[in-house]
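The values are calculated or read from the model by the stated rules, or taken from the named source; none is laboratory data. Just so we're clear, the structure is a prediction, and the values are computed from it rather than from any experiment. A quick note on method: Cβ atoms are made from the backbone with ideal geometry, for glycine too, and the neighbour counts reach across all protein chains shown. Note: accessible area is taken over every heavy atom of the protein model, side chains too, but ligands, DNA and RNA are not part of it. Shrake-Rupley method; radii C 1.70, N 1.55, O 1.52, S 1.80 Å.
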Amino acid sequence: MSALLVTGDRDQDLNVRGLSVAEYRSFLAARPGVSFLQHPSWAEVKDQWSAERVGWHLGGGELQGAALVLYRQFPGTRKYFAYLPEGPVADWADPEIDRWLQPLLRHLRRAGAFAVRIGPSPAYRRWDAALLKSATGTGRRVGDVLATEVDSLGSAVAERLRARGWRRCGGDGGGDGDADAQPRYVFQVPLAGRTPEQLWSGLNQEWRRNVRTAQKAGVEVVTGNASDLPEFYRLLRITEERDGFRLGRSLAYYERQYAALNAECPGRMRLYLAVHGGEVLAAHTMISTGGRVWYQTGASADHRREVRPSNALQWQMMLDAHALGAQVYDMRGVPSTLDPHDRPFGLLRWKLGTGGQVVETLGEWETPMSGTANHALYRAFQAYLARR
């Protein structure tokens, strides 16, 4: 993102105020790579949270940054935990980070927040798929491998936050950042400047073979609608049972998400179905915000897996993301294990086949608000979360 603060104004204070939905959307419209978690519609998805949109500016001038803030009330109190998922949308390259961060914290404290969690947008490290494929082994993790690229801005932002007392959720070890609400490690396929033919050649041999297998078997990829969400959810429960994980989301959650995101922008959330012999064998959801597209959730049946419905879905979703003009196709979270004997490695191996990159984000960072009472409540809140 280009600098949001103009030279000559760096000695001025930034003011924080609430924004209307129209103001906030107008600000985001010029920043197509902003996470869908920072769009106004996400507040409608999170039904147990209250929310507000805030922005900061110089005097009465143009907005310099903005954020969707979610508030969760701590049981038995009138205090709130403030959460900015994959936000705020700010100039993270500004070395004078206090100019906009401190006014934001003051605003949140006045709103009743006892602590805040943010998700800075710069990346931290990147590993090419080919590098990680060659580095697999017993007990190995992604963090053990020398990165293809270390983002200097990400490193600088991390140091600036640490110097101000912020704590990186999940620590700085080589784990998956389990304390983060959003995935610490994600998988991204670059789309900018590439043709569909180049995307195809970027797939490994196994992926190309599987896509061809699906095509020859007659797997049809279609776009579903809200009425298909129950079938998607049924397959998701099967997938959770088979793969040993539990997202903890209800069908109502996905119905609310589909309605809210598409009301904000038609087609923002799509449901893709892989149909074979008249039966839906796999269903994946995709979210787009212009310059960026995310594969959010995938589900598949236990039978007829040999016709490779999920590969067919992903290839079509990648092509559609490219046609939308997205710069990146983000396949979301991956585990950090490189041990082929670890069950989670299968997901990473599958995504590596697309030829993209594993990206370690900066993860999420927390800090309590100033004051003894807020610090005590923050410690109690951490204990509360640990018991859940």
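Give me the pairs: first residue in the range 285-298 and farther than 14 Å from THR223 by Cβ and open to solvent by 10 Å² or more (accessible area, probe 1.4 Å), second residue β-branched (Val, Ile, Thr) and part of a loop (DSSP other than H, G, I, E, B), beta-carbon distance under 9 Å, and six or more apart or on different chains, which are they?
That search, which allows pairs on different chains as well, returns THR289/VAL34; GLY290/VAL34; GLY291/VAL34; ARG292/VAL34.
Could you check how many residues of the range 344-370 are touching a helix residue (DSSP H, G or I) at 6+ places or on another chain (Cβ under 8 Å) and part of a loop (DSSP other than H, G, I, E, B)?
Result for the range 344-370: 7.
Taking interchain pairs and intrachain pairs at least six residues apart, which have beta carbon atoms under 6 angstrom, with the first residue in the range 207-218 and closer than 14 Å to GLU306 by Cβ and the second of a type in the set (Phe, Trp, Tyr) and open to solvent by less than 40 Å² (accessible area, probe 1.4 Å)?
That search, which allows pairs on different chains as well, returns VAL211/TRP315.
Any residue in the range 128-150 that's over 13 Å from SER336 (Cβ atoms) and among the aliphatic types (A, V, I, L, M): show its pairings with residues that are at pLDDT 95 or above and assigned to a strand (DSSP E or B) at Cβ separation under 7 Å, as long as the two are six or more apart or on different chains.
Cβ pairs passing all conditions: ALA129/GLN357; VAL150/ARG125.
Only one of (1) open to solvent by less than 10 Å² (accessible area, probe 1.4 Å); (2) over 30 Å from ALA226 (Cα atoms) fails for GLN382. Which number is that?
Just one mismatch for GLN382, condition (1).
Restricting the search to the range 371-388, which residues are part of a loop (DSSP other than H, G, I, E, B) and touching a helix residue (DSSP H, G or I) at 6+ places or on another chain (Cβ under 9 Å)?
As a first pass, look at the range 371-388 and keep what is part of a loop (DSSP other than H, G, I, E, B): 371, 388.
Passing the criteria: only GLY371.
Report whether or not GLY193 is at positive phi and at pLDDT below 95. Show your work before the answer.
Values: at positive phi: yes; at pLDDT below 95: no.
Criteria not met by GLY193.
For GLU306, state whether it is open to solvent by 10 Å² or more (accessible area, probe 1.4 Å) and modelled with pLDDT of 95 or more.
Working: open to solvent by 10 Å² or more (accessible area, probe 1.4 Å): yes; modelled with pLDDT of 95 or more: yes.
Spelling it out, GLU306 is indeed open to solvent by 10 Å² or more (accessible area, probe 1.4 Å) and modelled with pLDDT of 95 or more.
Within the range 351-369, does at least one residue satisfy the condition of being open to solvent by 30 Å² or more (accessible area, probe 1.4 Å) and out of contact with any strand residue (DSSP E or B) (no Cβ under 8 Å at 6 or more places or on another chain)?
Checked the range 351-369: no residue is open to solvent by 30 Å² or more (accessible area, probe 1.4 Å) and out of contact with any strand residue (DSSP E or B) (no Cβ under 8 Å at 6 or more places or on another chain).
Quick check on the range 322-339. Is at least one of its residues in contact (Cβ under 8 Å) with a residue 24 or more places away in the chain and in a helix (DSSP H, G or I)?
Step one: filter the range 322-339 for residues in contact (Cβ under 8 Å) with a residue 24 or more places away in the chain, giving 322, 324-339.
Subset that is in a helix (DSSP H, G or I): 322.
Yes, because at least one residue in the range 322-339 is in contact (Cβ under 8 Å) with a residue 24 or more places away in the chain and in a helix (DSSP H, G or I).
Take the range 75-89 and flag every residue that is in contact (Cβ under 8 Å) with a residue 24 or more places away in the chain, part of a loop (DSSP other than H, G, I, E, B) and either surrounded by fewer than 18 Cβ atoms within 10 Å (Cβ to Cβ) or β-branched (Val, Ile, Thr) (or both). Break it down into steps so the answer makes sense when it comes.
Filtering the range 75-89 down to residues in contact (Cβ under 8 Å) with a residue 24 or more places away in the chain leaves 75, 77-89.
Adding the requirement that they be part of a loop (DSSP other than H, G, I, E, B) leaves 75, 77-79, 85-88.
Selection gives PRO75, THR77, ARG78.
Those residues that are aromatic (Phe, Trp, Tyr) and in contact with an Asp or Glu (Cβ under 9 Å, 6 or more places away or on another chain), I need them from the range 82-121; list them, please.
Looking only at the range 82-121, we keep the residues that are aromatic (Phe, Trp, Tyr), and these are 83, 92, 100, 114.
Scanning the range 82-121 gives TYR83, TRP100.
Quick one: how many residues across the range 16-31 are open to solvent by less than 60 Å² (accessible area, probe 1.4 Å), over 12 Å from VAL54 (Cβ atoms) and not in a helix (DSSP H, G or I)? Give the steps one after another, and end with the answer.
Our first condition is that a residue be open to solvent by less than 60 Å² (accessible area, probe 1.4 Å); within the range 16-31, this holds for 16, 18-21, 24, 27-28, 31.
From what's left, over 12 Å from VAL54 (Cβ atoms): 21, 28, 31.
Retained after the next criterion (residues that are not in a helix (DSSP H, G or I)): 31.
Of the residues in the range 16-31, 1 are open to solvent by less than 60 Å² (accessible area, probe 1.4 Å), over 12 Å from VAL54 (Cβ atoms) and not in a helix (DSSP H, G or I).
Inspect the range 230-249 for any residue being in contact with a Phe, Trp or Tyr (Cβ under 8 Å, 6 or more places away or on another chain), more than 20 Å from PHE345 (Cα to Cα), open to solvent by less than 20 Å² (accessible area, probe 1.4 Å) and aliphatic (A, V, I, L, M) and give the result as yes or no. Before you say what the answer is, go through the steps one by one.
In the first step, residues of the range 230-249 are kept if they are in contact with a Phe, Trp or Tyr (Cβ under 8 Å, 6 or more places away or on another chain); the result is 232-233.
When the remaining residues are screened for being more than 20 Å from PHE345 (Cα to Cα), the result is 232-233.
In the following step, the residues that additionally are open to solvent by less than 20 Å² (accessible area, probe 1.4 Å) were identified as 232.
From what's left, aliphatic (A, V, I, L, M): none.
No; the residues of the range 230-249 include none that is in contact with a Phe, Trp or Tyr (Cβ under 8 Å, 6 or more places away or on another chain), more than 20 Å from PHE345 (Cα to Cα), open to solvent by less than 20 Å² (accessible area, probe 1.4 Å) and aliphatic (A, V, I, L, M).
Could you please find all residues in the range 90-142 being open to solvent by less than 30 Å² (accessible area, probe 1.4 Å) and among the small types (Gly, Ala, Ser)?
ALA90, GLY112, ALA113, ALA115, GLY119, ALA123, ALA129, ALA135, GLY137
What's the total number of residues in the range 34-48 that are modelled with pLDDT of 95 or more and open to solvent by 30 Å² or more (accessible area, probe 1.4 Å)?
Looking only at that region, the number is 1.
Please determine, by comparing only the residues of the range 177-218 that are touching a strand residue (DSSP E or B) at 6+ places or on another chain (Cβ under 7 Å) and open to solvent by less than 20 Å² (accessible area, probe 1.4 Å), which one is nearest to LYS133 (Cα to Cα).
From the range 177-218, those touching a strand residue (DSSP E or B) at 6+ places or on another chain (Cβ under 7 Å) are 183-191, 217-218; that's our starting set.
With the extra rule that they be open to solvent by less than 20 Å² (accessible area, probe 1.4 Å), the set shrinks to 184-187, 189, 191.
Numbers: ARG184: 20, TYR185: 16, VAL186: 16, PHE187: 14, VAL189: 16, LEU191: 21 Å.
It comes out as PHE187.
Return yes or no: is MET318 buried (at least 21 other Cβ atoms within 10 Å of the Cβ), in contact with a helix residue (DSSP H, G or I) (Cβ under 8 Å, 6 or more places away or on another chain) and either in contact (Cβ under 8 Å) with a residue 40 or more places away in the chain or part of a loop (DSSP other than H, G, I, E, B) (or both)?
Answer is yes for this residue.
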